């Protein structure tokens, strides 16, 4: 298949691009390198040393013999160039990762709130308009988030895959309806993914676009079989307070001798997936697209759920790290249960990569290898959900 | 109250501004005059002759003795100036009409689809971010649309005011939940209002903003007591295929001897409200805002429902006009029922202006008075929901 990967230079996009290339697909990355530029703005870097995109692609050609194309393009603002690329490449499949993806960054200040909405909504909408306009009938897979559902809405009922069956009372008796699961986003970032859902729903209905929305959990791990083939292909490892995600942050903190930073009681239960499964799930989604005229297909892209404090305790035991309970910069429930339906990917052949000591050690070893690159002043999460909320001072000297 | 009216130069915004001024409020209009500029682009004009905003405001001062302020500002793109105006004016209430409001225009071409999303979502989001950032605790009333609910979803059950009570089955038994009514928008324009709802919901929850969303039906009529006081204050009367709405279009068509243009069978049932009630409803909403921490308050701002063909037959009888059944440029149900809850405004004192021969004749007389300004080549609706859909040729010579 000819596949475009929008946002193909990022943490999920890069390993997905290589995985699809390795499987024999003809891959072109579209990316404006915004993730690297936000590093510049935040004065932080991936713990792992990331090579420029040109060098990454040359290295992949060397080790695999395969070409991956690259177009530097901002799909949120360069609509006409996006149309030209679509007409030129005639993709059969498109993966859309081209959104600002950090909840803390989306709550950092007014500029980042506005950027997250302006970038994400326009990126998605431009893509949909361009597909409708060019008539290119590509299977589109978009990276959503479990956060569209919120946490704790359903009690102990499993969160369904996108759609919820409800009953309502009418003068003609009880009606049963299948609805898009009500949106309960916890940040401006998550909110943009709930807006995306409504954009997808409309363009599937009005223009027959074939769209799959992948509501992913928190990704952990760094390497896939492809990114591990050469140091120049290494994937990002974000550990800072805005872009670092919980389990990878714990692994890095253990590696540099920093206490594991638990916000509040750590009673938050979250869904997880290893980066190796992310790339497999995207492939499965592209190979099983909806038909023209179908509603948006939704998968929950998660393999396990864990309570944050349980993860911290597991890591502390494994690594002799200490745990620090810090003020929570987010407005969220102190404790929540989480039960997620995840049958669809399993039924389509996903063999899930579950959390194991071996995998944790592999990831910790990467963190350990590059620990000298860590800036410990960037570890504490300081983007607060409302002005005036308390944050922690640095816990260690740099 | 110090009130800002965003979009206060438009069809609903202008009479609302004068009404609130007449009631003694200190009104400032923020508007980028986009509605006038779209007239230039579409090569059409309001049937009624609209004076420049400066002349409108001078005339209002003359006849009422009251000042209405004006700031030419694009809230979708000029965030910093918006913040400055908010800090300067310290409004106690804000009415947000500043969105592209025509469904056909929003489906006209790729540029208008993109403009509608970019303008409407950024306008709304900038406003919310600015309120959260400045801490200005104004009551915000936003003009939504009945179209967020879609048509025909609820069978004969009345469409509730924003929130729907549903039941779901869980392992712990049946749960009852109140949810935002599922979104079923019929155009890109309507879709933007469903996105607005999610923006409002998040900022009410995270930042305690006090927001009321007014899901309005199709507005008809032209004048209010205030706009009728002087010819220079006259309100817009749009009749073209993009901005004209059904009942006003029928009135204008009757006045110029054009057949009444019914799309499809005319089996569409829609909700209506007279412009005089629009302005009253906005005032009632501002006087009854939610409290800080409340969820978004939603009113259905409609007074009656009619089937389009019944309206056409009523007008044809009243005016000896003929009826033309034309191809429908929209993708929508051929026929639908519509039952709308509208108790909230009634309980807060709205005395609804119902469709009557007297009011229809008043509106038709305005159309008749200005019929020489009509360009009959602009009457047929030609913005189609999908490329290739059939439209009608002109029915009369200009």
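No value in this document is a laboratory result; all are computed from the given coordinates. Just so we're clear, the structure is a prediction, and the values are computed from it rather than from any experiment. Quick reminder, even Gly has a Cβ in these numbers, built from the backbone with ideal geometry, and neighbours come from all protein chains shown.
Data for the structure
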item	result
Shape call, chain B: gyration tensor on alpha carbons, a/c limit 1.5	oblate
Cut-off 20 Å (backbone N to label point 7 Å along Cα→Cβ of residue B:351), residues of the stretch B:276-293	B:276-288
Label geometry 7 Å along the beta-carbon vector: residue B:318 inter-copy distances in nm	7.4
Largest to smallest principal axis extent of the C-alpha atoms in the stretch A:31-107, angstrom	37, 33, 17
Most mobile listed residue (B:238, B:137, B:80) in chain B, GNM with C-alpha springs under 10 Å	B:80
Antiparallel %, DSSP beta bridges [both residues in chain B], to 5	25 percent
DSSP-defined beta bridges in the stretch B:89-236 - what % are antiparallel, rounded to 5	40 percent
Cα gyration tensor of the stretch A:269-398 - equivalent ellipsoid semi-axes, whole Å, descending	33, 21, 15
Along each principal axis, Cα extent of the protein assembly as shown, largest first, Å	85, 52, 51
The stretch B:104-154: mean projected area of Cα convex hull, nm²	5.2 nm²
Cα gyration tensor shape for the stretch A:35-74, rounded if a/c is under 1.5, else prolate or oblate	oblate
Anisotropy class of the stretch B:11-62 from Cα gyration tensor, a/c 1.5 cut	prolate
Per-selection Rg to Rh, the stretch B:168-211 - Cα, Kirkwood hydrodynamic radius	1.14
Nm distances between copies for residue B:152, ranked from closest, using label points 7 Å along Cα→Cβ	4.1
Centroid-to-centroid separation of the stretch B:168-201 and the stretch A:110-181 [C-alpha atoms, Å]	10 Å
Inverse of mean 1/r across different Cα pairs in the stretch B:173-238, Kirkwood, Å	15.7 Å
B:368, A:11, A:70 arranged by Cβ crowding within 10 Å, fewest neighbours leading	B:368, A:70, A:11
Helix-only [θ]222 nm of the protein assembly as shown, DSSP H runs n ≥ 4, -39500 (n - 2.57) each, per residue, nearest 500	-11500 deg cm²/dmol
Among beta bridges that DSSP assigns inside the protein assembly as shown, antiparallel share in %, nearest 5	25 percent
Debye log10 I(q)/I(0) for the stretch A:343-396, one point scatterer per Cα, at q = 0.22, 0.26 Å⁻¹	-0.88, -1.00
Whole-number percent relative contact order across the stretch B:144-293, with pairs defined as alpha carbons under 8 Å at least 6 apart	25 percent
Residues residue B:287 and residue B:318, FRET efficiency given R0 of 22 Å [Cβ-Cβ distance, rounded to 0.05]	0.05
Descending semi-axes in whole angstrom, ellipsoid equivalent of the stretch B:1-136, from the Cα gyration tensor	24, 21, 11
Over the stretch A:182-340: Rg over Rh, Cα atoms, Kirkwood Rh	1.02
Shape metrics for the stretch B:148-276, restricted to C-alpha atoms - Rg then Dmax, Å	19.6, 66
For the stretch A:1-72 versus the stretch B:333-394, the gap between their alpha-carbon centres in whole angstrom	52 Å
Candidates B:206, B:325, B:339: whichever shows maximal mean-square fluctuation once chain B is modelled as a Gaussian network with Cα springs under 10 Å	B:206
Largest-first principal axis extents of the Cα set of the stretch A:313-376 (Å)	42, 33, 22
Approximate shape of the stretch A:72-161 as ellipsoid semi-axes (Cα gyration tensor, √5λ), whole Å, largest first	29, 19, 9
Copy-to-copy label separations for residue A:51, where each label sits 7 Å from Cα toward Cβ, in nm and ascending	7.1
Relative contact order %, the stretch A:207-266, counting alpha carbon pairs below 8 Å whose residues are six or more apart	21 percent
Chain B: relative contact order as a whole-number percent, Cα under 8 Å and 6+ apart	20 percent
For A:380-386, mean number of other protein chain Cβ atoms within 10 Å	1
Scattering profile of the stretch B:206-290 at q = 0.11, 0.20, 0.23 Å⁻¹ [log10 I(q)/I(0), Debye over alpha-carbon scatterers]	-0.44, -1.04, -1.19
Top of A:142, A:181, A:215 by mean-square fluctuation, Gaussian network on chain A, Cα under 10 Å	A:181
